[in-house]
Amino acid sequence: MTVKDFRTAYFTMSEEDVTDYVKTELNYFKEDAELSCKEIGDGNLNYVFLVKDERNNESVIIKQAGPVARISDEFKVSPDRNRIESEILKLQGKLAEGFVPEVYHYDPVMNCMAMEDLSDHTIMREALINKETFPLFSDHITTFLVNTLLLTSDVVMNHKEKKELVKDFINPDLCEISEDLVFTEPFYNCTRNDVFPEIKSFVEREIWNDEELKLEASKLKFDFMTNAQSLIHGDLHTGSVFIKPDSTKVIDPEFAFYGPAGYDVGNVIANLIFAYINGVVTMEEGDSKEHFTGFLEKTIIEVVDLFKEKFNTVWDKCAKDHMAESPGFKEYYLNSILENTAGITGCELIRRTVGLAHVKDLTGIENNEQRARAEKVCLAIGKSLILARANMKSGIQYAETAHTIIEEF
Ligand code: SR1
Ligand code: MG
């Protein structure tokens, strides 16, 4: 059997190809390694291979970008996203040490990278669906958010160096996906939407026919497209987090580009809300339910409040722009991020409920009545957050919004 040429032209690799690739292109495993390879990706875009040396108990992940998205051939997405992902992981590893996997190697021909295997962690969405709790998450994720968002902004960076990063991380294909799937299609009866039949009339009335909501979503869309504020992860949902009790690792930053900082914070909050609502509607009353929903409520509150606290601390220590030191400017800047955060939380709640790309926290609810209730609650919270975003300044307001709406349904 001949080994393929990995150095001349790009092709999408099979498990066998990846095993050969690792043997010939990477100097990672020992000479006597006994390699096995399995494709384990379950995301919407890429192929993820776990390569193991059973003899020496070592392993590595090979992640390859294909020319189209896994979820649908309709999305032609430049494999250059693999460069973006490997570069931003290295940068985030410096800004927020310990919160991203280590990248060992990037290959611009095969559009793949070799990275740390995090098999001792679990994907956070799965863990939350299994009702596991992670008390350190809010502390970990807010350090990651503040460090990666504030330290890549004009507040801290040399403005010319920041503009170089804006160029390096220009990401039109993946931005287009978010512009369409997050900010456009969920707000009208688009054929690509995937609406649970039980809630169709609710969606028509509450989302598609609400002109005020659509106007506010349009403002958020244009902010997303034009506000080159921070180098954002761009897809920071709980499926992009590997977790265990004492460790949080943010993965999959292929949607990264210079965009509004609130996009990442809002995505984290929205995806915690999905897990929370899942617990609220599916769990039987009792201690376990109280423990799980209480953990999520506390975490949502802490994500907002710790973000604010750490943002202020890092700003005071690291802000360099002369005008950014004008009294009142820090408060103005943070307030605009908080407003954007609430709006994005709302958009993510709506788009994951009615758009093309769903979350298992909702689709996995087997009882149709419970699922319909959960979806309506998520839509109503989303709508309320978009419309009231200018007033959403503290964690407790998110909890109160959720409580009020849960009571209504
Ligand atoms: C075509 S990709 C669909 C969704 O999956 C990714 O994780 C992003 O969230 C995107 O919107
Ligand atoms: Mg992803």
Problem - Centre separation in Å (Cα based) which lies between the stretch 186-217 and the stretch 115-144 - result: 32
Exercise for the section: Using R₀ = 22 Å, calculate the FRET efficiency as 1/(1 + (r/R₀)^6) where r is the Cβ-Cβ separation of residue 104 and residue 176; round to 0.05. Expected result: 0.15
Exercise for the section: Under 1.5 on a/c is rounded, so check that first for the stretch 1-147, then, if it is not, pick prolate when a/b is larger than b/c and oblate when it is not; a ≥ b ≥ c are the square roots of the alpha carbon gyration tensor eigenvalues. Expected result: prolate
Problem - Residue of 28, 276, 47 that the Gaussian network model of the chain assigns the largest fluctuation, springs spanning Cα pairs under 10 Å - result: 28
Problem - Compactness of the stretch 122-408 - radius of gyration and Dmax, Cα, Å - result: 18.2, 57
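Ignoring ligands, DNA and RNA, please state the percent of accessible area on the chain from carbon and sulfur, probe 1.4 Å. The partial results should precede the final answer.
Details: 8730 of 17720 Å².
Roughly 49 percent of what the probe reaches on the chain is carbon or sulfur.
Where both partners of a DSSP beta bridge lie in the stretch 122-408, what percent of those bridges are antiparallel, to the nearest 5?
Values: 9 of 9 bridges.
Around 100 percent antiparallel, to the nearest 5.
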Practice task
Please determine, in degrees from 0 to 90 and to the nearest 10, the orientation of helix 395-408 with respect to the longest principal axis defined by the Cα atoms of the chain, where the helix direction is its Cα long axis.
Solution key: 70
Problem - the stretch 295-306 - phi-based ³J(HN,Hα) in whole Hz, Karplus 6.51/-1.76/1.60, Gly and Pro as x - result: 4, 5, 4, 4, 5, 4, 4, 5, 4, 5, 6, 5
Problem - Virtual paramagnetic centre 7 Å along Cα→Cβ of residue 191, amide N under 14 Å, in the stretch 353-368 - result: none
Handout entry: Degrees between helix 81-95 axis and first principal axis of the chain (Cα, 0 to 90, nearest 10)
Key = 70
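Could you work out the helix-only [θ] at 222 nm for the chain, with each DSSP H run of four or more residues adding -39,500 (n - 2.57) and the total divided by the number of residues, to the nearest 500 deg cm²/dmol? It would help to have the intermediate numbers written out before the result.
Values: 14 runs with 203 residues, N = 409.
-16000 deg cm²/dmol, from helical runs alone.
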Handout entry: Net lengthening on full extension, residue 404/residue 166 (0.36 nm per residue, minus Cα-Cα)
Key = 81.6 nm
Exercise for the section: Just need the relative contact order of the chain here, percent rounded to a whole number, with Cα pairs under 8 Å and 6+ apart. Expected result: 16
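How much length is gained if the chain between residue 209 and residue 133 is pulled fully straight, taking 0.36 nm per residue apart and subtracting their Cα-Cα distance, in nm to one decimal? Mind dumping the intermediate values first?
Numbers: separation 76, 0.36 × 76 = 27.36 nm, distance 3.81 nm.
Result for the pair: 23.5 nm of gain on full extension.
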Practice task
Would you list which aspartates and glutamates come within 12 Å of residue 249, measuring only between C-alpha atoms, while excluding same-chain residues fewer than 8 positions from it?
Solution key: 97, 102, 116, 117, 120
Practice task
Please identify, among 361, 32, 246, the residue showing maximal mean-square fluctuation in a Gaussian network model of the chain using a 10 angstrom Cα cutoff.
Solution key: 32
Practice task
Quick one: angle between helix 137-150 and the longest Cα principal axis of the chain, in degrees between 0 and 90, rounded to 10, please.
Solution key: 80
Fill in the blank from the handout: Links exceeding 20 Å between C-alpha atoms in this model, out of 214/383; 308/330; 63/360; 131/298, come to 63/360
Exercise for the section: Give the relative contact order (percent, whole number) for the stretch 3-115; include only Cα pairs under 8 Å separated by 6+ residues. Expected result: 22
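Quick one: length gained pulling residue 331 to residue 57 fully straight, 0.36 nm per residue minus the C-alpha distance?
On the way: separation 274, 0.36 × 274 = 98.64 nm, distance 5.09 nm.
That works out to 93.5 nm of additional length.
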Completion exercise
Total charge of the residues flanking residue 110 in space, meaning their Cβ is under 13 Å from its Cβ, with Lys and Arg +1 and Asp and Glu -1, is -2
Exercise for the section: Determine which aspartates and glutamates satisfy two conditions relative to residue 289: a Cα distance under 14 Å, and not lying fewer than 8 residues away in the same chain. Expected result: 132, 297
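The values are calculated or read from the model by the stated rules, or taken from the named source; none is laboratory data. Quick caveat, the model's predicted, so the values are computed rather than measured. As a convention, Cβ positions derive from the backbone with ideal geometry for all residues, glycine included, and neighbour counts pool all protein chains shown. In case anyone asks, the SASA skips ligands and DNA or RNA and just uses the protein heavy atoms, side chains included. Shrake-Rupley method; radii C 1.70, N 1.55, O 1.52, S 1.80 Å.
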